[in-house]
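Quick one: the structure is below, and I'll ask about it shortly.
Each reported figure results from applying straightforward, stated rules to the coordinates on display, with no laboratory input. Small disclaimer: the values here were computed from a predicted structure and weren't measured. Cβ placement follows ideal geometry from the backbone for every residue including glycine, while neighbour counts extend to all protein chains displayed.
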Amino acid sequence: MSKIMISVGEASGDVHGASVARAIKELSPQAEIFGMGGQNMRSAGVEVIYDIAETGVMGLVEVLTNLPKLFALRDSLGRIMDSRQPDVLVVIDYPGFNMRLAKVAKQKGIPVVSYISPSAWAWGSGRAKEVAETVERVAAIFPFEAEVYQQAGANVTFVGHPLLDIVKPSMTKQQAFEYFDLDPAQPVVLLMPGSRRQEVNSLLTILLAAGELIARDIPACQFVLPVASTISREMLQECIDKSRIAVRLISEKTYDLMNISTVALAASGTATLETSLLQVPTVIIYKVNFLTYFLGKFLVKIPHIGLPNIVAGRLVVPELLQHQVNANDIAVHALGLMTDGQIRRQTLTDLQEVKDKLGSPGAVKKVAQVILEIAGDKKEGNL
């Protein structure tokens, strides 16, 4: 029986971790899976030792200010490795923390599989070499990512993008409108301020202000906000109550909600690729501590911050950074995507191209096979 430890640090990683856990269980029902995750992983049968609700930290400066807590968590998970002796550690996204944890595992002789790996294609070859020296296998989700890691000397398996397996509505659009009690004759604006409290604190008030401007032009517009498992519903409601628009908080069937949305206003991250796959034109926003952004300008090697634009290799949906993240600019771009037929048609065509570039489904099963292969090699002493 394989013993598999998984570490994720935020809501999107929890979704991916749950999908991988289910695929592992299908291939090896007796596998023991435990680690750090959230409700999705718990529902998938993972023994969640540490809940991620308190761990979501983004940005260079923000991570530095939280280092004592993160180091304590790393050490705690290291002790779990000593007591449980996993055959493999799977680190999913959350690179600032997970690569530190991966180094701990390597020191203990535990092989590491990196899935949704650090964005070496954005940060340069130095990051890729660090990962290559630390992990046993990189499960690459983008073709260009696989190439960068291979050049750095990593053992790479290109698996494709997992969202192609995960992002699937469970009902028709008509059923979804009825389920959520929304009017199909009126636009639906999806507000996605992020899955970390830090992001929500920074962005939700601005999104609500943008919503007020949109509602001036389209009074019947409907606003919805899917509640991430890492964010308190009460915290969201308290902020919404201070605005002048009605926003429905929805805690389930997020992909069905996305599927009937006219436009999304979303924090940069995995959610923007999810909306792209469901053909929802999205205004991407990115706002962090000034010093984090200043340092990033010198370190990051790519022209775009939004995943759909990175995949396409050009700007296919608007992205607003730092000072551009204001209610007026967000509303202007959103209204253009909602009301200008030419802009909307071109955006939908471009989003289909993004989907096509991500390849074919099957990534999650491939990742599960890689993990079980590595775990089996460890058990047999072949590593």
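How high is the FRET efficiency between Lys25 and Asp217 when r is their beta carbon distance and R₀ equals 51 Å, given to the nearest 0.05?
It comes to 0.55.
For the range 228-272, just list the percent of Cα-Cα distances falling in each 10 Å bin from zero outward, please.
So the P(r) values, bin by bin, are 20, 53, 27.
Going 7 Å from the Cα of Lys69 toward and past its Cβ, which residues in the range 191-235 have a backbone nitrogen under 11 Å from where you end up?
197-198
Taking the Cα centre of the chain as the origin and placing charges on Cβ (Lys, Arg +1; Asp, Glu -1), which of Ala264, Gly35, Pro162 is farthest toward the positive end of the dipole?
Gly35
Right, next: Using Cβ contacts closer than 10 Å as the measure, can you line up His16, His333 from fewest to most?
In increasing order of surrounding Cβ atoms, one gets His333, His16.
What is the ratio of the Cα radius of gyration of the range 188-266 to 2.2 N^0.38 Å, with N the residue count, to two decimals?
Dividing the Cα Rg of the range 188-266 by 2.2 N^0.38 Å gives 1.00.
For the chain, give the magnitude of the charge dipole about the Cα centre (Cβ charges: +1 Lys/Arg, -1 Asp/Glu; no others), in debye to the nearest 20.
Dipole about the Cα centre, nearest 20: 600 debye.
Counting only C-alpha contacts under 8 Å and six or more residues apart, can you give the relative contact order of the range 173-357 as a whole percent?
24
Additional query: Within the P(r) computed for the range 173-357, what percentage of the Cα pairs occupies the region above 23 Å?
Tail fraction, whole percent: 38.
So what is the 222 nm mean residue ellipticity for the chain from helices alone, if each DSSP H run of at least 4 adds -39500 (n - 2.57) and you divide by all residues, rounding to the nearest 500 deg cm²/dmol?
-15500 deg cm²/dmol
To continue, here is another question. What do the square roots of 5 times the Cα gyration tensor eigenvalues come to for the chain, in whole Å, largest first, as semi-axes of the equivalent ellipsoid?
Gyration-tensor ellipsoid for the chain: 35, 21, 21 Å.
Here is a further query. Once the Cα atoms of helix 341-357 and of the chain are each reduced to a long axis, what angle between those two axes, in degrees from 0 to 90 to the nearest 10, is obtained?
Here the helix axis deviates by roughly 10 degrees.
Just want to confirm a number: the relative contact order over the chain, from Cα pairs under 8 angstrom separated by 6+ residues, in percent.
Taking the mean separation of contacting Cα pairs over the length of the chain, I get 18 percent.
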